[in-house]
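The values are calculated or read from the model by the stated rules, or taken from the named source; none is laboratory data. Model, not experiment: these values are computed from the prediction. Virtual Cβ from ideal backbone geometry, glycine too; neighbours counted across all protein chains shown. What goes into the accessible areas is simple: the full protein's heavy atoms, side chains included, and nothing from ligands, DNA or RNA. Shrake-Rupley method; radii C 1.70, N 1.55, O 1.52, S 1.80 Å.
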Amino acid sequence: MPQQRDLNRTRERIMAAAQKEFAASGFAGARTDAIARRARVNERMIFYCFDSKEGLYRAVLAQKLDAKAGMIESSPDEDFTSSLVNGFESNCTDTDSLRMWQWEALDRSKRKLVAEEERRGYFQAEVARWRRAKARGTLPPDADVEMLLLVSAALRTFPLALPQVASLVTGMDPLSPEFRQKWSACLEWIGQRLVAAPPTSGDELERAKADDQAEQIPEPIKTRQQHGATRGPAGGVKAQV
């Protein structure tokens, strides 16, 4: 039993080291001897525990997918807006996984994705969640849930995938507390509008149009309209009280 516990701890150290190495160099560039040095183990232990570098990569991915799948299962009724905000915060605490996916995107070898079916299953679970939300009426009836998932993934990852763009636009590090707060507020704003049910009646359409126009009017203009002057009967100006 103690021997099994020691082996489990060794596996955990290897996987933690491998995640860092895969994030830094990608699957193709990562070396098992470098992973062994990070984990402070003999390189042979990697092959004893995981058979191959691909087996180790698969194990790291499976660990991450299991954690994400657990989040979906623990909050099956999470609304779209909350999923944007929570997903972004989750990515902020695990940028290594995002880097691994970026390395795969840069790989032009056309090799088959490691754990492709497992990953497809995870995304299908996400799509199924939004289909259920659509059936409950918490998503618009005309929403394309697969495209909506891609939009969600883009919004949750863009500042972290291209941090230089976020920095050039805002002058902030996307991992800084200030940026994370502002981006989360933006995601909430986007989510609330993206999934809002469109107005159906004529009165609702007119109200929505009026609301849009009001949002576009600068505050000083609205103040003048509300508290400014009105014309008297003779075309003169009569001050409102």
Length gained if residue 86 through residue 4 is fully extended, taking 0.36 nm per residue and subtracting the Cα-Cα distance, is 25.9 nm
Percent relative contact order for the stretch 1-77, counting Cα pairs under 8 Å at least six residues apart, stands at 26 percent
Taking 0.36 nm per residue of separation between residue 175 and residue 31 and subtracting their Cα-Cα distance, the length gained on full extension comes to 49.0 nm
Heavy-atom accessible area of residue 178, protein chains in place, probe 1.4 angstrom, given in Å² to nearest 10, is 110 Å²
For the stretch 1-80, the percent of accessible surface on carbon and sulfur atoms (probe 1.4 angstrom, ligands and nucleic acids excluded) is 49 percent
Order by accessible surface, 1.4 Å probe, largest leading, for residues 189, 101 comes to 189, 101
With R₀ set to 25 angstrom, the calculated FRET efficiency between the beta-carbons of residue 153 and residue 196, to the nearest 0.05, is 0.75
If R0 = 22 Å, then residue 69 and residue 112, at their Cβ-Cβ distance, give a FRET efficiency to the nearest 0.05 of 0.50
Residue by residue through the stretch 165-174, the couplings from Karplus 6.51 cos²θ - 1.76 cosθ + 1.60 with θ = phi - 60°, in Hz, x for Gly and Pro, are 5, 4, 5, 5, 6, 10, x, 10, 6, x
Sorted by accessible surface (1.4 Å probe, heavy atoms of the protein chains only), largest first, 57, 48, 122 come out as 48, 122, 57
